[in-house]
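This report refers to the structure that appears directly beneath it.
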Amino acid sequence: MEEIRIETNGRLGPIDSSRVPRFSGAATFARLPRLDQVDRADVALVGVPFDAGVSYRPGARFGANHVREASRLLRPYNPAWDVSPFEELQVADAGDMAVNPFNINEAIETIQQNALELTAGGTRLVTLGGDHTIALPLLRAASERAGEPVAMLHFDAHLDTWDTYFGAEYTHGTPFRRAVEEGILDTEAICHVGTRGPLYGKKDLEDDRRFGFGIVTSSDVYYQGVAEVVAKLRDRIGDRPLYISVDIDVLDPAHAPGTGTPEAGGMTSRELLEIIRGFRGMNLVGADVVEVAPAYDHAEITGVAASHVAYDLVTLLAANAADLQDTGGSARTAGHNDGGASAGAAAHGVVPDGSRKLHGDPLAGTALGTPEGR
């Protein structure tokens, strides 16, 4: 069947859904062109069908294509940002990486190498998992491309900084401990967002704090609100190169039942999207959305949420490009400790009022907050 695509500003966009029904044709992300259909891509979405690192329910190896199917309903204009991301940047679907499902170490090396190849020409990746093990090689590649350790915001119900499972160093519960040990994370600018649920012991939190992580729990988001959380995260990250990793189980099971390790009491999809929208101007260098397990996802609830998260991450990159063009290349609203947090949040319409302190400060001096020695 003929592909009738939208083309604007010399960029090949999605199939025109006013002329070709959304439910027909190949399911690339948001019905975008494949990578081999464009000369180059500013942003590539790539799937990693790998879940050999899970500790509970398997199935995330099927997540990327599930998210692609759920993304058929995405449209070219994002009114929350006043941005048409596929007009500002050439975005393409790079398909799936072929990784060894039986050898975690080999899979990690393959993912890292593929990520470096995909980003060789300046392309930025938004990766669809796959379990959270894949974040480690993606962070290695992002740090190598940045030429320095990267800041990270990690949206997840869990810390993922455990040491080993059954003696295994590389699992979906260990990537960020390994990343700190390897020196690829800027430990002055890393934070978990949305954590909750029981742990193995208090030492889990003590270790995590020692590594440099701040924590914003799902309860902090509820009590303090999106605006205040955004302001604190922006201040912590500043203008450093930033990687965002989203485990879909950061959402409450009501919003994301299709995942491997669900925990009650999570964020809403609205809260997660609004937090991401508050990051306009931050120096995003890469992102992933992982742990979608379609076998548990009735009515595509999780797939729809994950596709919108990925869409807003792409829009963040596009909004930054548009802002830079509008200001002649000087736009940067996320300055480190220079008032940029409030300015960037205000640009999105998020104006922290500084008055909501109902649950403590998750990033400054609480038991779950600032790293030792800060």
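The values are calculated or read from the model by the stated rules, or taken from the named source; none is laboratory data. In this text the structure is predicted, and so the values were computed from the model without any measurement. Because the Cβ atoms are built from the backbone with ideal geometry, glycine has one as well, and the counts that use them run over all protein chains shown. Ligands, DNA and RNA are excluded from the accessible area calculation, which covers all protein heavy atoms including side chains. Shrake-Rupley method; radii C 1.70, N 1.55, O 1.52, S 1.80 Å.
Odds and ends about this structure:
- Some residue of the stretch 162-176 being farther than 24 Å from Pro58 by Cα and in contact (Cβ under 8 Å) with a residue 60 or more places away in the chain: no
- Inside the stretch 20-36, residues that are open to solvent by 40 Å² or more (accessible area, probe 1.4 Å), at pLDDT 90 or above and not hydrophobic (A, V, I, L, M, F, W, C) make up a count of 4.
- For first residues located in the stretch 18-37 and at positive phi, partners that are in a loop (DSSP other than H, G, I, E, B) and among the polar types (S, T, N, Q) and lie 6+ apart or on another chain with Cβ distances below 9 Å form the pairs Arg31/Ser17.
- Hits in the stretch 187-198 (condition: under 23 Å from Leu139 (Cβ atoms) and either among the small types (Gly, Ala, Ser) or over 17 Å from the mean Cα position of the chain (by Cα) (or both)): Thr187, Glu188, Ala189, Gly194
- Residue in the stretch 191-214 that is touching a Ser or Thr at 6+ places or on another chain (Cβ under 8 Å), assigned to a strand (DSSP E or B), surrounded by fewer than 24 Cβ atoms within 10 Å (Cβ to Cβ) and touching a residue at least 12 places away in the same chain (Cβ under 8 Å) present: no
- Matching residues, the stretch 130-159, being open to solvent by 10 Å² or more (accessible area, probe 1.4 Å) and over 22 Å from Asp93 (Cβ atoms): Arg140, Ser143, Glu144, Ala146, Gly147, Glu148, Pro149, His158
- Condition check for Asp163: out of contact with any strand residue (DSSP E or B) (no Cβ under 7 Å at 6 or more places or on another chain), over 18 Å from Leu45 (Cα atoms) and not hydroxyl-bearing (Ser, Thr, Tyr): yes
- With respect to the conditions (1) open to solvent by 10 Å² or more (accessible area, probe 1.4 Å); (2) polar (S, T, N, Q); (3) in contact with a strand residue (DSSP E or B) (Cβ under 6 Å, 6 or more places away or on another chain), Thr127 lacks only one, and its number is (1).
- You will find that of Glu228, Glu274, the residue that is open to solvent by 30 Å² or more (accessible area, probe 1.4 Å) and acidic (Asp, Glu) is Glu274 and no other.
- Count - residues of the stretch 70-127 that are within 16 Å of Asp36 (Cα to Cα) and β-branched (Val, Ile, Thr): 3
- Single unsatisfied condition, Arg40 versus (1) within 24 Å of Ala146 (Cβ to Cβ); (2) open to solvent by less than 60 Å² (accessible area, probe 1.4 Å): (2)
- Taking the criterion of being farther than 20 Å from Thr315 by Cα and either exposed (fewer than 13 other Cβ atoms within 10 Å of the Cβ) or within 20 Å of the chain's Cα centre (by Cα) (or both), the residues of the stretch 76-100 that qualify are Asp96, Met97, Ala98.
- Residues satisfying the stated conditions in the stretch 272-308, i.e. in a helix (DSSP H, G or I) and of a type in the set (Asp, Glu): Glu274, Glu300
- Subset of the stretch 281-311 that is open to solvent by 40 Å² or more (accessible area, probe 1.4 Å) and in contact (Cβ under 8 Å) with a residue 40 or more places away in the chain - its residue that is farthest from Val221 (Cα to Cα): Ala295
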